[in-house]
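Read the structure below first, then the notes.
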Amino acid sequence: MRSIQTTPLWLVVLTSFWWMSCTPSGRSADANKLVIYADQGEETISRFIYGHFAEHLGRCIYGGIWVGEDSPIPNTRGIRNDVVEALKQIKVPVLRWPGGCFADEYHWKDGIGPREERPTMINTHWGGVTENNHFGTHEFLDLCEQIGCEPCICGNVGSGTVEELSDWVEYITFDGKSPMADLRRKNGRDEPWQVKFWGIGNENWGCGGSMLPEYYADLYRRYQTYVRGFSGNRPYKIACGPSGGNYEWTEVLMKKVSTRAMQGLSMHYYTRFRFGEDRSRGTATEFDEYQWHGILQSTLRMDDLIPGHASIMDEYDPEKRTGLIIDEWGTWFDVEPGTNPGFLYQQNTLRDAMVAAVNLNIFNSHCDRVKMANIAQTVNVLQSVILTKDEQMVLTPTYHVFEMYKVHQDAIYLPSDLDSREYDYEGESIPALSASASRDSSGLTHVTLCNLDPNESAVLECEIKDARFSSIRGRILTAVKMNAHNTFEDADAVRPIDFSDVQLSGTGFTTTLPPKSVVVLELE
Ligand code: AHR
């Protein structure tokens, strides 16, 4: 990244006017204003907001992560080296597994012991394929150790017993002599693992058992009782929460379960485009500006849903003991033509990058309540950060957003006010800009910015209260086309590059954000 020294104000103003007259349509974009309150940072942005999710679905686990020890694809104990290395680069803080809908039909004892002796099962939710259980508890925890992230295990409430869940916790975390700990040792692992995050079922209002909230709340109270804190392991228990705007679910859970028994309440919200007349949503790559705008409008709903659920949680839990856990989010398009509809394989374009960037800015802004988020899903499923084809691997535009935004992990959130012009399309209006700021432990301030407008650049004046900087540098992710994406033939079509259209002023900075761009700035 290039460092830019303080520029005289007259030059800043002149440059701004020049850029404003240079918008592609020849029109001037309205000025936008960001005020960052550097002296008012109180909350930490939990690194777990930058979490991921890997389910036994399509080619996420099998092929995407697990290739087996005998594979010609370079691997460590069966796990792809290229994928692990890529995930380390974005500092994946937590990985949720084994589902998703799969979690509520998964019986963990089928996935331990010699692989050739493990029973098979049908993956009824995802394509009806045969699951051979070769990737189980040991393989998942090995994957987390290789990445250097925390595991988040989602237990089976829909079709599993309390005993199964209780045994799983004992098997993984108990360091003394017990039936489960001895079984673990027999299977080659002497030391227990530490697993902090435990999900108690998934989408139990739907694929996880079609339950009513009152019934699930009772089951939650029962199942969580047996998720014991063995051998110094302190479980953080996450209840199944609502889908989107189902506020009743949140209300019932908060009313019926004490915050002591529920450290997290999950919420799922996917970014989808409304069905067309042909009942299709469109693929990830084939879309026009109507769908670009529509998807961004749909994703911005996250900024209403979080405060909606948080305000209910505030009534029962004003001290914010229970975190809101957005453990599934991301885009959901029609599958790539010619692929198994049950495998949810979709490409990933600059539009997905905008969705990721906007959501991460939103999560940061609610970091007083949002304590974890997991994009769906890590490899080859929905809004993936990685795509694989046999031995090949591609990093998606969404991957690059996670790489650019990793600077916010565990940094102090700096409150801000953004006055943005609107981006209108056919009578629908959304803010053109999105922003977030934080200060890390070494004193560096980072600002992430998105210009959602695919046609107009945006001049942004930023004032930073109570802070002075001597240098600023930046990187940008953008492309000429809205549907630009990386393929196995052209893996670097969309990637971040240095960004220099930013000037420090006495009180902040001025920048011009190109159309459809994501920018990260570092101020020192
Ligand atoms: O991520 C795909 C699926 O979406 C998950 O299995 C389920 O929890 C959600 O409906």
Original post:
Distance from the Cα centre of the range 314-349 to that of the range 144-165, in angstrom?
Top reply: 18
Subject >> Of every Cα-Cα pair in the chain, the percent that sits beyond 36 Å >> reply: 32
Subject >> Solvent-accessible area, 1.4 Å probe, carbon plus sulfur percent, for the range 136-289 >> reply: 47
Original post:
Over the chain, what is the percentage of antiparallel beta bridges among all DSSP beta bridges, to the nearest 5?
Top reply: 60
Original post:
Which semi-axes, in whole Å and largest first, does the equivalent ellipsoid of the range 274-326 have when worked out from the alpha carbon gyration tensor as the square roots of 5 times its eigenvalues?
Top reply: 35, 10, 9
Original post:
How high is the relative contact order of the range 415-458, given as a whole-number percent (alpha carbon pairs under 8 Å, six or more residues apart)?
Top reply: 30
Original post:
Over 21 Å between Cα atoms, which of Lys465/Lys516; Lys33/Lys481; Lys88/Lys406; Lys91/Lys389; Lys91/Lys320; Lys91/Lys481 qualify?
Top reply: Lys465/Lys516; Lys33/Lys481; Lys91/Lys389; Lys91/Lys320; Lys91/Lys481
Subject >> Accessible area in the full protein assembly, largest first, 1.4 Å probe, for Lys196, Lys177, Lys237 >> reply: Lys177, Lys196, Lys237
Original post:
Just from its helices, what would the mean residue ellipticity at 222 nm be for the chain, if runs of 4 or more DSSP H residues each count -39500 (n - 2.57) and the sum is divided by every residue, rounded to the nearest 500 deg cm²/dmol?
Top reply: -7500 deg cm²/dmol
Original post:
Ordering Leu395, Leu523 by how much accessible area each has at a 1.4 Å probe, largest first, what is the list?
Top reply: Leu395, Leu523
Subject >> Length-normalised contact order for the range 320-405 - Cα pairs under 8 Å, 6+ apart - percent >> reply: 35
**OP:** Mind jotting down a quarter of the surface of the convex hull over the alpha carbons of the range 326-408, in square nanometres, one decimal?
**Re:** 5.8
Original post:
Tell me, what is the percent relative contact order of the chain, built from C-alpha pairs under 8 Å that lie six or more residues apart?
Top reply: 22
Original post:
Over the range 451-501, what number does the Rg to Rh ratio reach, with both radii from the alpha-carbon atoms and Rh per Kirkwood?
Top reply: 1.09
Original post:
What's the percent breakdown of Cα-Cα distances in the range 49-193 across 10 Å bins, shortest bin first?
Top reply: 11, 41, 39, 9, 0
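The values are calculated or read from the model by the stated rules, or taken from the named source; none is laboratory data. Values in this document were obtained by computation on a predicted structure and should not be read as measured data. Each accessible area value is taken on the protein alone, full model and side chains, heavy atoms only, with ligands, DNA and RNA left out. Shrake-Rupley method; radii C 1.70, N 1.55, O 1.52, S 1.80 Å.
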